[in-house]
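Just below is one structure, and these are the notes that go with it.
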Amino acid sequence: MKIAVTHENGQVFGHFGKTESFAVFETGDGKVLSKQIIPTNGTGHGALAGFLKDLGAQVVICGGIGDGAKRALEAAGVILVAGASGDVEQAALAYLSGELKNDPAGTCGHHHGEEGRACGGLGACGHR
């Protein structure tokens, strides 16, 4: 199974649609077999679903995600696990062990104003 994790400096990046790279893990028998950091090359938001499908990712782990991108992942058949944080490899391992589950609070159904008032400053989607 391939697991893609939003990535910035080895950590789960907080906003799916703005991630500049994914840590992509090839897994088997509950273990990480390999890891690659793959840049998105400017692809963002809902278009990332096709990007991930083309990579062969079956699961995506992220901090927060908007409704449009969530729907695009569902349509592409990619399993979403939102609401994650911390080290990317630990997140992938936690998913493999069944400890990491999708957190519906990790989705954000609106765009934020300049100051992020829509989510009370810092939203579930991890940005202002």
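If Lys and Arg each add +1 and Asp and Glu each add -1, what is the summed charge of the other residues whose beta carbon sits under 14 Å from the beta carbon of residue 76?
+2
Extending each Cα 7 Å along its Cβ direction at residue 79 and residue 20, get the distance between those two points in nm, one decimal.
Calculated label separation equals 3.1 nm.
What are the ³J(HN,Hα) values, in whole Hz, obtained from phi via the Karplus relation 6.51 cos²θ - 1.76 cosθ + 1.60 with θ = phi - 60°, for each residue of segment 82-94 in sequence order, with x given for Gly and Pro?
9, x, 7, 7, x, 5, 5, 5, 5, 5, 4, 5, 5
When only the heavy atoms of the protein chains count and the probe is 1.4 Å, how do 3, 79 rank by accessible area, highest first?
Accessible-area ranking of 3, 79, largest first: 79, 3.
Please sort by residue number the chymotrypsin sites (Phe, Trp or Tyr not before Pro) in segment 7-64 whose DSSP state is loop and whose Cβ has at most 13 other Cβ atoms within 10 Å.
The qualifying sites: there are none.
Residue-wise, which Karplus ³J(HN,Hα) couplings in Hz belong to segment 49-63, taking 6.51 cos²θ - 1.76 cosθ + 1.60, θ = phi - 60°, and x for glycine or proline?
4, x, 4, 5, 4, 4, 6, x, 6, 9, 9, 10, 10, 8, x
Distance in nm between label sites at residue 9 and residue 53, each 7 Å beyond Cα in the beta-carbon direction?
3.4 nm
The values are calculated or read from the model by the stated rules, or taken from the named source; none is laboratory data. Computed from a predicted structure; not experimentally measured. Heads up, the Cβs are rebuilt from the backbone with ideal geometry, glycines too, and the neighbour counts pull from every protein chain shown. Please note that ligands, DNA and RNA were not included when accessible areas were found on the heavy atoms of the full protein model with its side chains. Shrake-Rupley method; radii C 1.70, N 1.55, O 1.52, S 1.80 Å.
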